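A short write-up of the structure that comes next.
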Amino acid sequence: MRWFFILTIVPVLVVVDSLAVAEPAAQIDDPAVHLNTVGYLPESRKLGTAATKIEDFVVRDLKTGKQVLQGSTSQLVAGSAGQPIYQLDFSAVNREGTYRIEFGEQGSSEFHVAKDVYNWPFYCVMRAMYLSRCGIEVSAVIDGKRFEHGACHTEDAYLDFIGGPVGKRKDGTGGWHDAGDYNKYTVNAAFTAGMLLTAWEHFHERLAKLKLDVPESGNRIPDFLNEVRWELDWLIKMQAGDGSVYHLISTRDFGGYGLPDKEKERRYFSHWSSAATANFVAIMAQSSRVYQEFDKDFSDRCLIAAKKSYAFLQSHDENHRPDLSAFHTGQYDTHDSDDRLWAAAELWETTGVESVLRDCEKRINSAKLDSAPSSLTVDADWDWSNLRNLGVFSYLRSKRPGRDAAIVTRVRNDTVRVADEIADAAVRHPYSRPFGNKYYWGCNGTVARQTMNLNIAYELTNDRRYRDAMLDALNHLFGRNSYGRSYVTGLGRRPPLFPHDRRSAGGKVDNPWPGYLVGGPWPKPTDWLDDKDNYKTNEIAINWNGALVYALAAFVDPLSFDASTREARNLAKGESATER
Ligand SMILES: [Zn+2]
């Protein structure tokens, strides 16, 4: 165990009370101070990290040239094998502007302080969801550069592996490409749509009027929901006649680099799985609720679909894994206990049926997951393979009567306890990473996703430190990390240039498709490689972007959104008028 302690008192005392592994700066030519290179909200906590010794620093307003803050630095010292790490606190810089931290000859990259700093990132990350659309041509202009491809995978998909007839097709077009590859996996698709619709349910007042330039813009449905609808319409096609839900549509092997409309390999339906079926119930039930005020027919269709698949699951209580031996692509193999919990939670929240509530509560009380053998009902570390938090949080936030008071209390306490662990981990970490020192495939997605844990705790307690930790997550992803770089293509300082993304690696553009969060370093915090072949740390994926959408949705500023994105929207509109 290594201990950090404070050697120097800083303007705002930071208590660093327990273990943290120092992350050495990965590249010596980085700026000396690593911070959020996208920017900070005016009233937020603002911290930077330096790996070299700093005594005092100043913050300079780059417009006026004036110093606006002088500060001293806290030195966080790792014992034995760890390196000294220095923390800078410039929270007092709360006037809108563009600044730089300086000390001696060194400094940070410039950073912005503004109430709209997350508007452009939100626009880009939602644009990235649009650009992931399958089955349709896409075209968007971001920062003056155009990204486009023709309609792809219009033959989705063949029935050979679900009993035929061999060489025959059924409509499975649409949806979002899953990740660096172009296949479509129901479990991850429903999970990602669930993250977005949950963002809608938590932040709809911020999201309802945002213009996102999707082809459906101008209809009566908010653009945010128009984008999610593209995925939902595909998911509906994944339901079989008996209510079971196909696990995936995929080529048999991964294809090479290139734009999706150039991929001509046949793609096939796989057999159903109980996890896919349960996730389908959940997302259809949630969709029925969310879309009811905008499109009643669609809402009704979703509810009918959800009930049909829920009934199927009731008569198939085994964890049914499909035979995927024909496919050498993504498997998304998972136990269905968390998926069934999510299904029951969303179906109850939409219908109020008591038997479904009892099903949900039984699962919350007894959930024992392969990946989370915890007695807690809430997870700090979660993703598509364990998504019970989506169900547990819907249950907790419900206004419906009839819940078991003891279970509600247990979930509430667990939510706060887990959020405390996350917020404490951020305080202990040299780069205030709320996920602490866990690094694995896709861990950047988890850093973004934990903002949901923190937001629920914030709703329950109104304690600002949960909100601070949510911003710590964004700070980390946008540059306050061992690289001093943004992990999101097209955003912030030195973002990834070579993501593992078949479009970026195979298209004619010399810059990657923007708005995508890459998976991040593992097994060590300095193991990220910005290399198109390095799928283990540099791939993109809809479930990571879906988590980032949630994190950004909490801070997007609707009143300044039009102004923040006006130029991009005009360009996009001009392009789309002739292109679409
Ligand atoms: Zn496609």
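A few points about this structure:
- Complete set of residues in segment 421-438 that are buried (at least 23 other Cβ atoms within 10 Å of the Cβ) and among the basic types (Lys, Arg): Arg433
- Verdict on Leu259 being on the phi < 0 side of the Ramachandran plot, touching a strand residue (DSSP E or B) at 6+ places or on another chain (Cβ under 9 Å) and not basic (Lys, Arg): yes
- Hey, Arg465 farther than 30 Å from Lys362 by Cα, open to solvent by 20 Å² or more (accessible area, probe 1.4 Å) and at pLDDT 95 or above or not: yes
- Conditions (1) touching a strand residue (DSSP E or B) at 6+ places or on another chain (Cβ under 7 Å); (2) within 11 Å of the ligand (Cβ to nearest atom); number of the one not met by Tyr158: (2)
- Of all the criteria given as (1) of a type in the set (Val, Ile, Thr); (2) within 21 Å of Val418 (Cα to Cα); (3) in a loop (DSSP other than H, G, I, E, B), the one not satisfied by Thr334 is (2).
- Lone unmet requirement of (1) touching a residue at least 24 places away in the same chain (Cβ under 8 Å); (2) assigned by TED's automatic domain parsing to the domain that holds Gly194; (3) surrounded by fewer than 22 Cβ atoms within 10 Å (Cβ to Cβ) for Asn386: (2)
- Selection status of Arg95, at pLDDT 95 or above and outside any loop (DSSP other than H, G, I, E, B): no
- Breaking point among (1) in a loop (DSSP other than H, G, I, E, B); (2) over 27 Å from Asn534 (Cα atoms); (3) in contact with a Gly (Cβ under 9 Å, 6 or more places away or on another chain), for Asp181: (2)
- Near pairs, Cβ below 6 angstrom, 6+ apart or cross-chain, from segment 414-440 (in contact (Cβ under 8 Å) with a residue 12 or more places away in the chain and on the phi > 0 side of the Ramachandran plot) to any residue that is surrounded by fewer than 24 Cβ atoms within 10 Å (Cβ to Cβ) and part of a helix (DSSP H, G or I): Gly436/Ala425
- Within segment 280-304, residues that are closer than 20 Å to Gly391 by Cα reach partners that are of a type in the set (Lys, Arg) with beta carbons closer than 8 Å, at six or more positions or on different chains, in the pairs Tyr291/Arg229; Ser299/Arg289.
- Considering only residues in segment 514-549 that are part of a helix (DSSP H, G or I) and open to solvent by 10 Å² or more (accessible area, probe 1.4 Å), the one that is nearest to Cys443 (Cα to Cα) turns out to be Trp544.
- Qualifying residue in segment 291-298 (condition: within 16 Å of the ligand (Cβ to nearest atom), open to solvent by 10 Å² or more (accessible area, probe 1.4 Å), over 25 Å from the mean Cα position of the chain (by Cα) and assigned by TED's automatic domain parsing to the domain that holds Ala190): no
- Whenever a residue of segment 128-149 is within 25 Å of Thr251 (Cβ to Cβ) and polar (S, T, N, Q), its partners that are away from the ligand (no atom under 15 Å from the Cβ) and open to solvent by 30 Å² or more (accessible area, probe 1.4 Å), lying with C-beta atoms within less than 7 angstrom and at least six residues away or across chains, give the pairs Ser139/Arg146; Ser139/Glu575; Ser139/Glu579; Ser139/Arg580.
For every residue, the table says whether it meets (1) at pLDDT 95 or above; (2) open to solvent by 10 Å² or more (accessible area, probe 1.4 Å); (3) outside any helix (DSSP H, G or I); (4) not assigned by TED's automatic domain parsing to the domain that holds Gly255.
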position	(1), (2), (3), (4)
Ala278	yes, no, no, no
Met284	yes, no, no, no
Ser287	yes, no, no, no
Lys307	yes, yes, no, no
Arg321	yes, yes, yes, no
Cys360	yes, no, no, yes
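- Members of segment 257-276 that are open to solvent by 10 Å² or more (accessible area, probe 1.4 Å) and within 16 Å of the ligand (Cβ to nearest atom): Tyr257, Gly258, Leu259, Asp261, Lys262, Glu263, Lys264, Glu265, Arg266, Tyr268
- The set of residues in segment 219-251 being within 16 Å of the ligand (Cβ to nearest atom), over 25 Å from Tyr550 (Cβ atoms) and open to solvent by 10 Å² or more (accessible area, probe 1.4 Å) consists of Lys237 alone.
- Within the option set Gly180, Gly167, Gly163, being within 15 Å of the ligand (Cβ to nearest atom) and either buried (at least 24 other Cβ atoms within 10 Å of the Cβ) or not polar (S, T, N, Q) (or both) holds for one residue only, Gly180.
- Scoring Lys145 on the criteria (1) in contact with a helix residue (DSSP H, G or I) (Cβ under 8 Å, 6 or more places away or on another chain); (2) open to solvent by 80 Å² or more (accessible area, probe 1.4 Å) leaves a single failure, condition (1).
- When the residues of segment 191-222 are filtered to those that are β-branched (Val, Ile, Thr) and not in a helix (DSSP H, G or I), the one that is nearest to Val125 (Cα to Cα) is Val214.
- Boolean, Gly515 is at positive phi and either among the aliphatic types (A, V, I, L, M) or outside the structural domain of Gly330 (by TED's automatic domain parsing) (or both): yes
- Residue selection: Arg127 satisfies the criterion of being away from the ligand (no atom under 16 Å from the Cβ) and either assigned to a loop (DSSP other than H, G, I, E, B) or crowded, with 24+ Cβ neighbours inside 10 Å (or both).
The values are calculated or read from the model by the stated rules, or taken from the named source; none is laboratory data. Just so it is clear, the model here is predicted, and its values are computed rather than measured. Cβ coordinates were reconstructed from backbone atoms using ideal geometry, including for glycine residues, and neighbour counts include every protein chain displayed. Calculation scope for accessible area: heavy atoms of the full protein, side chains included, ligands and nucleic acids excluded. Shrake-Rupley method; radii C 1.70, N 1.55, O 1.52, S 1.80 Å.
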